[in-house]
Structures are given as C-alpha cells and as structure tokens.
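Contents: one structure, followed by commentary.
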Amino acid sequence: MKKRTLLATVALTAILAACGKNEPASSTAAAPAPAPVAAATKLVVGLDDNFPPMGFRDEKNELVGFDIDMAREVAKRANIEVEFKPIDWNAKEAELLGKRVDALWNGLTILEERKEKILFSDPYMVNKQIIIVKAGSPIKGKADMVGKIVGAQEGSSAVTAMTKDKELSDKFKQTKLFGDNIAAMMDLETGRLDVVVVDEVVGRYYVNKKPDNYTVLSEDFGTEDYGVGFRKDDEATRNKVNDVLTEMKKDGKAAEIAQKWFGADVIKH
C-alpha cells in the first residue's frame, strides 16, 4: 500500500507540473514594444504640380518651384533618393496614409485637425490667406464679400480659413471650389468670380505677373505655418528631414532658395 501511495503521489505531482506549464502568461505582462520604423532611403513626395511658385511645371513640363528645390536639397544632404508624385491635393491625406506617397511637401499648412492624422516637420515658412479682387473692384474689405461669389482651391487651407469665419462665409452668395488656383484666378479675371482667397505665396506670384489686373486687400483670413507632412509612425524620416532643414536655415541655403523664388527671405527660423 505504501508503494502504491508513493507511486500515485509521484504521478499526481507530474500531472500538476505539466498543467502548470500550460498556464497562460500573467495578464499584467507588458506587451512587446513595436519595432521602430527606420528612416526612409527613398522619399516619394506627393504634391499638387499646379501650385506655383511652390511646385509646378515649366515650359519644358519639368517640375520646378520653391518646395521642389527645398526637397531636393534636403534629399541630397540626407543621402535620400527623392521622387515627386503629382496627386489630387484634395485627397492628400488618403494618398499619404495609403502609402502611395511618403511625404506631403507642397505648401502644406500645419493645422491642429491635420495633426490628428499627420506628423509634421518643424515649420519652415510663414504664410497668410490673402484676398484678391480685380483691379477697380468695389470690394475693399472682408465685410464687402457678403453676397459675393468667392473662389478657392478645393481641399486648401483657404477653404478651412473661410469656414472658420462662419459668420462671414455663410453670407457669401456662393463659395466656388476649383481643382487648382490657376482656374480660380482665370475665373476672377473673366468676372465669373468676385473674390479669390488663396495662399499669399501663390496669390502674389499671380498678382506680380499681372499687377494691373488685380488688387490684394489689406485684410486676410489669418496667418499660418507651412510644414512637411509624414505618416504618424515615420518619426525617423521626419527627424532626419528636420535636422537637415535646421542645418539649411543656419547655413543660409534655405534663405538662398527663398530669395530665388520670392525675392526675399521668407523662411521661418
């Protein structure tokens, strides 16, 4: 009997030990941290290729512009291959999050609502949403826009800025949205629009081409910063670009590029 009891005890101990090996891990154990995303060796930049002077096509159909020059210089210094991919700017967030592009670099305004989905670089430029009318227009200020047809690029920060001023924008006769700013400016020139609201860097580029045709009002729809947009998990690439942008601000290269396109240092230091 003693022998049987001893054997039974050994067997029971073995069974319990085996069961113990199959117990689930403690619920308090920390989950493994996700592996960090390495900095990109190639950067596909999404842009609106009809957005002068930030990014547009010249008479040879080649991409040129301020942001194009900035991105190329950053890529060269960071030893990153860069590719420019024209996209529907109104679908820019979907293009970025769907990984069809790696960065949005084309006069992209840093907005709090965009920060929920996009990881931004440090600001590199200050911009305003200006109001342009035809020369000789009776519209002298924002209050005169009541009952008027106002144009802007679809998906642009001009639309966001006007929407925030709901008390005024609700009183427009119509807010007409365009695929690009060139079409909006053409409609203003032909009289199909009363007003165009547009990024200052773009608007003044057009106005300077035909200074006798347009007037820029003294009032605007606010000041904003431009930044480069990345996916939220791509901190390594964002940090790499940030470091080079800081370097370019310090050594004067960014100011040199700005001088080429704007005739002034518009860089945010």
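With the gyration tensor restricted to C-alpha atoms of the range 40-156, the semi-axes of the equivalent ellipsoid amount to 31, 17, 13 Å, longest first.
The convex hull around the C-alpha trace of the range 127-224, projected and averaged over every direction, spans 5.3 square nanometres.
Across the alpha-carbon set of the range 179-253, the Rg to Rh ratio works out to 1.14, Rh being the Kirkwood radius.
Is there a quick way to get the dipole size of the chain? I mean about its Cα centre, with the Cβ of Lys and Arg at +1 and of Asp and Glu at -1; what is the value in debye to the nearest 20?
Details: 40 positive and 43 negative charges, 276 e Å.
Rounded to the nearest 20 debye, it is 1320 debye.
Only helices enter the 222 nm calculation for the chain: every DSSP H run of n ≥ 4 contributes -39,500 (n - 2.57), and dividing by all residues gives -11000 deg cm²/dmol, rounded to 500. Across the range 212-269, the fraction of Cα-Cα pairs farther apart than 17 Å, rounded to a whole number, is 59%.
Per-residue Karplus couplings for the range 212-218, computed as 6.51 cos²θ - 1.76 cosθ + 1.60 with θ equal to phi - 60°, are listed in order as 7, 9, 10, 10, 9, 6, 6 Hz, Gly and Pro entered as x.
Before anything else, pin down the relative contact order of the chain: Cα pairs under 8 Å, at least 6 apart, normalised by residue count, whole percent.
Working: 441 pairs, mean separation 68.6, N = 269.
It rounds to 25 percent for the chain.
Amide H contacts of VAL44: GLU83, ASP102, ALA103, each under 5 Å away and 5 or more positions distant or on a separate chain (H built 1.01 Å from N in the peptide plane; Pro and chain starts excluded). Note on the range 186-225: Rg/Rh from Cα positions, Kirkwood definition for Rh, rounded to two decimals, is 0.96. Each part gets one Cα centre, and for the range 194-269 versus the range 112-145 those centres are 12 Å apart. The residue list MET145, ALA161, PRO123 was ranked by how far each Cα lies along the charge dipole of the range 111-165 toward its positive end, using unit charges on Cβ atoms, and MET145 comes out on top.
3J(HN,Hα) along the range 84-90: 9, 10, x, 9, 6, 4, 5 Hz, from the Karplus curve 6.51 cos²θ - 1.76 cosθ + 1.60 with θ = phi - 60°, whole Hz, x for Gly and Pro.
Scanning the chain for DSSP H helices at least 20 Å long along the axis (C-alpha atoms) with a Kyte-Doolittle mean no lower than 0.5 picks out 2-21. Residue pairs exceeding 24 angstrom between C-alpha atoms, taken from LYS117/LYS164; LYS164/LYS249; LYS42/LYS85: LYS164/LYS249.
Please report, in whole Å³, the volume per residue of the convex hull around the C-alpha atoms of the chain.
It is 194 Å³ per residue.
Only the coordinates and a few stated rules stand behind these numbers; no lab work does. It should be emphasised that the depicted structure is a prediction, and the values quoted were computed from it without experimental measurement. Positions of Cβ are generated from backbone atoms using ideal geometry, with glycine treated the same way; all protein chains shown enter the neighbour counts.
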